[in-house]
1. Among B:394-404, B:323-333, B:138-148, A:305-315, how do they line up by average Cβ neighbours within 10 Å per residue, starting with the highest?
2. If you wrap the stretch A:447-573's Cα atoms in a convex hull and average its projection over all directions, what's the area in nm²?
3. Per residue, how big is the convex hull around the C-alpha atoms of the stretch B:101-159? Give it to me in cubic angstrom, could you?
4. Determine the distance separating the Cα centre of the stretch A:501-523 from the Cα centre of the stretch B:270-349; give it in Å without decimals.
5. Please turn the phi angles of the stretch B:202-218 into ³J(HN,Hα) values with the Karplus equation 6.51 cos²θ - 1.76 cosθ + 1.60 (θ = phi - 60°), one per residue in order, whole Hz, x for glycine and proline.
6. Averaged over all directions, how much area does the convex hull of the C-alpha atoms of the stretch B:238-359 cover when projected, in nm²?
7. Pull up all non-local amide H partners of A:Phe137: gap of 5 or more, or a different chain, and H-to-H distance under 5 Å with H placed in the peptide plane.
8. Could you pull out every residue, at least 5 positions away or on a different chain, whose amide H is within less than 5 Å of the one on A:Gly501? Hs are placed 1.01 Å off N in the peptide plane, and Pro or chain starts have none.
Amino acid sequence: MRPSYEQLLDWIKPGPATDDETACMELLEPGDLEVYGSKIDEIIAEAKEIFMRIGVSAMLRTGDLVVAICTASGDMVAASTGTYAQAVISQLPVKFTVQNWLDNPTVGAKPGDIFYFNEPLYGSMHGPDQTAFMPVFNDGELVAWVLACVHQSETGATEPGGMVLRAANRFYEGVKITPIKFGENYQLRDDLVEMLFNYMARSPRVQMNDIRARAAACQRLELRVSELAKEKGNPFIKGLFRSVITESEKAVRARTRSWNDGTYRALAFQDHVGSEEGLLRCFVEMRKKGDRIEFDFTGTSPEHDAGADLAMPHHVVATGAQFLFSHVFHDLPVSSGAFAPLDWVLPAGTMFSAGPMAPVSRAPSLLALVVAALYELFAKMAFDSEHRELILGGSGGGSSMNIVGLNQEGIAVSDILSYPFNTEGQGARTDMDGTDSNSFVYAPASRGYDAEDSESQLPLLTLFQNHRRDSCGFGKFRGGSGVVSAYVVHGTPEISFSSGGRESRMRMCQGIFGGYPSGVKIGIEVENSRLFEQMRDGEADLPSDIHQLVTERTIDGTYKFSHNRRPLHRVREGDVVIHLNGGGSGYGDVLERDPEALAEDMRRGIVSPEVAQDVFCIVFDGATFEVDLEKTAEKRDEERKDRLRRGRSYDEFEAEWLEKRPTAQALKHYGSWPDAEKVRDIVRR
Amino acid sequence: MITVDLDTGGTFTDCFVVVDGVPVVAKALTTHKRLSEGCLCAVEEAASKIGMTREQLLERTDVYRYSTTIATNALIEKAGPTLGLMTTEGFEDTVAIGKGSSWSDVLTVKEIRKVSRVQKPEPIIPRTLTVGVKERIDSLGHVVRPLDEDDVREKLWRLVNKGVKGIVVSLLWSYLNPAHEQRIREIIRAEFQGSSIGSAMPVVISSEVCPKQWEYTRTVTTILDAYLHEPVRRELAGMTEDLSSRGYKKTLMMVHNTGGMASLHRTTTLNSYSAGPVAGLVGSAHLSKVLGYQNVVLTDMGGTSFDLGIVASEATRSYESKPVIGDWWVDVTMLQVKSIGAGGGSIAWLNPALSNRLEVGPQSARSEPGPVAYDRGGTEPTVTDADIVLGYLDPEYYHGGRMKLRKDKTIEAIKNRIADPLGLDVVQAAALIKRVADANMANTIFKETALRGYDPKDFVVFSAGGAGPTHCCGYSFPAGVKKVVTFPFSPAFCAMGSATMDIVHLYERSRRITLLTPETKEHLRDYAEFNDVVEALRQKALLDVVGEGFSPEDAVVSLELDMKFGGQVHVLRISSPKLMLRDECDVQAVFEEFAREYSDVYGAIAMYPEGGVEVTSCVLHITIPQEKFEFPRYPFARMDATRAIKGSREAFWEEHKGFRETPVYDQRLLECGNAFQGPAIVEAESTTLVVPPSARLTVDEYLNLVIERT
């Protein structure tokens, strides 16, 4: 009964229109699609707003969620703005339910039923992404499904947060619920709610509240869609839904046709595997012809056994959706129709097609590689098109920091720190800089919450939280700046932290058309600190930014520098944990950047004088940052000449490059060097 | 008794004068350089209608109430002074970071989706004029790091040397413990004592302007208050002087966006922002009582935008849930007036990305060049153009015949731009434009009522604005609304609204108080924790009441609370059934009111009291009831409205899928009791009401036109 990977991939595309749907489409009059398409958008917007207002977990209240409407057979018709990745695959459990439970006398579906699920093998991105969904009936006929999905930072896994760094198999990852009926008659079943409470006891308050938030959002959608069906009749609804899907497909085909045919390739690397340092490779060949695109991931690193940095094929497509609807399809309906002309080649045995026993709780984190590659691929393809304004360098790929324990009021908490997560820099555009501290790549309009909010809910005091100097990718237009946050444990003897971060050695996203990637991120902590005593004593020279903290070391304590991925560990009151998030990649040659813009960057603390001088090659007054344009031009001319002197032929470069090889540790899980082919079997028990 | 109400809008300044119960409406062009000039022109026109001179009218005026756009203009023109910001060290970028996607605060969903092109607003106080001071207070209000006063002085002079003309101070947790902010203000004042610039260095502290939790919105709110203060003060001082020199000797009353008014001296800058539309909302609330309606949606469709506000039994649901001033998310209590880009000037266009799907707006032809029919260079068809083709608007009687419209040009534009590409005839295309435009507005009515936990079917729509009556049935009936009302004084609806206002003051303070303990659900026992906050607000309020010349006995005190379940961020505002808590029953009563409201708005399934229940802010209202304008009533004349028919013309009706000869009524000739079934067109000087075949119009005793779906 469990769907195969092929089945799940197939379900992402819309099923063929039935004869009934085709006949119903004929009922639509001119203007119906415009009028009722926008009505659906308003229904979605209302449910999303309600979902956000009720929820508790960091991802929910910052807007990293989705609500969607599907046809009676489960094809997605419309979804909310934001986490499109969840939207695309949240239709999978609906389709499973339609095919397996609907006519099953032991399950079935009737008005007021609430289903629930989070099992990746049945379509979820990973365990933390939990979805409630409901059938919508009118006059006894099933006319639609509605769903609400959000990431929950607790699953009862062996590590708090549910994204288990050191998982050896799927059983490390906590509760995994196949699609089940979780409520009836518009009420949740207390016995099943208690079961989840028991599973997720690290943070039951968050869990209990957010289950209700999902159910409430679904109920609102169910109410509105059934009202619409009552008003317009079931045939109209069926015709409308199918028309939306068909129009979406037509629009994607037309957009695709407008780009140049060709084969485009991109590479991206992750520098951590599980809890170790190491290299993983994502390779994509994008073949575009006419109105179709095929994404081929052959050449991606093989499945490994070093933790949960693994994914399944439907996860890759979902991640593709995130990029596509955020950028090049931003003005097209978010429906399953968009995926009809897109094909995905994900050979068995790669880390993107891990076996069913594999742990995949870090799939979204790993798949930032796919987003990174897509930024590059579409920059290449769409630069020479009317959509050039939509291309940009890659953003930060997300880097979570989890906190777990008892808060200052003795309440069990387990959550993600939202501020750094939702303030990563945006990549540079071809005509302007990326936006500083922009958002989170998987939820483009998400918000962090204030220090005063985190400090009231969690046992923390934020020492500083500002833009991180030189975190942006350099170029003619620079990427947006990232943010640095320094947290001090406060109000509790100890608490545990973990960080799923990576990119301490290299960034996943490269710059585009000569731009630089953004700065790497490392782990910094100060243990055995006397910070609170020093603050009480009024010591004046305590650090207010990361450079000061590291170089002056005025906080008494033991300074720890590590890679950014930090497995769960205890941190005592007064100790300091630093979180660096990512900046955006740059566009174009640094020597073409407007010197005046750089002066402003320096005044705002986004770029350091050292970088302005050495990388951007400008000459300026160190006190006022006023630029000497003449000397800058001379210095840049000199640098251009020097580049020519440093240059060599491609053959020379390649010969030297091929001599190089990463360390054995770096290649431990990479596959064969350099092509990342499978070198050993992975056995899981 | 004479009252004068002025509402400054983007194009016109509306004046509503009541002389011994008789209302007079006048309009003048808004004079953006000096708003008082436009106001005086409008007053002059009103005076002439009454048979007085402007000075005579002003000398005899008892109350002059004013809704102004000064703050809006000052923000657009960046007219504020150069300010410096002092914040907690390490948080200098808080405003620039904006909690992430601060660009999304002012965008529509469609605009938000275009992530590749977003840009954040430029902070009003640049990073170079922002300094962090060495201090820290924690979430309990305890001082973790004492204020370094030498550091404050050094940073202060750093800012002063860069030319700042005022200092904004916003420190973390200052709403809980304002000691450091207050001390910084003392230090600054001491530094400037006796200096040549002396008291010319204003200091604004966040714990006084916005004593609310969340440093981002508190800081932004304080910055805006400080930034707009001087231009608003300057303009209003000019207004006071102009009025005074022309005979008005009493206090200038300012309309507030909170839904009340207060004397100029008790008005903060941010109170005045967007006050005009709110006055309309308050007028609607008063009218709804007079007319016996419980729930009302006020709609105002003009040339470029469609505004709506909600009047309902649960007053707390009418507040803006995410108030925005300019580009900035702020934390001030204001009534919500939602605005979307839909008006008579909204442009119809075909979206090539979606197989030439017809869309209307948000782009607008505005008044210049305006619709194609204006013949001022506009080439893109608009909603008004469609209305002409469909026969709703008479090209010969636009604005009472003062403006002739070019129907031929309209037909040509719709044919070329819309009809031919879609394979439709011009009438079908025009009908489609109207349908899509109406649907956009209907969906907004639906969403805004539904989001507050209401059913639009339970609402009556009040229609105002030049284009409102033409489309009111088109956008109301599809939203589920069954009754629509238009008013004889629609052209100055917002100015009329302020004539129905009370004096209202709001006092707010954030304080986290656990009403029900998580898990155990034990009730709050330390009542003083709650009562002390309320009492402090009450004392402050009563001082203001007395300061404004009223007796404390005149004031009606009420309390609203922002509440949430434990762990939530978003709060729900409720009307507290208790001003003070004296026993467990009082606590239970507050909880039950919260539970009832929460369940109404979000559904019972969302309730989770086991997670605890918290009060996060107290909002104390002081209301001093004022005598209100009474609408003149007319005796029943007759049901037959034939004598008001001025002619007929062909108009398009969706129900008939074509044109029908349709009677045209002259609104001035309609009398109390007149009633007729649609289709019909009612022409007034500044607007045209369209009554579809499925509706019936009745003229009520106030000469309002009431249209009901039949």
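Quick note: the coordinates plus some simple rules give every number you see, no bench work behind them. Just so you know, these numbers come straight off a predicted model, no measurement behind them. Note that we place each Cβ from the backbone using ideal geometry, even for glycine, and neighbour counts take in every protein chain shown.
1. Put in order of decreasing packing, that is A:305-315, B:323-333, B:138-148, B:394-404.
2. The Cα convex hull of the stretch A:447-573, projected and averaged over all directions, gives 9.0 nm².
3. Enclosed volume per residue, from the Cα hull, is 129 Å³.
4. Answer, in whole Å: 47.
5. x, 10, 10, 10, 5, 5, 9, 6, 8, x, 10, 5, 5, 5, 5, 5, 5
6. 11.5 nm²
7. Those lying under 5 Å, H to H, from A:Phe137 are A:Val143.
8. Placed amide hydrogens put A:Ser400, A:Arg566 under 5 Å from A:Gly501.
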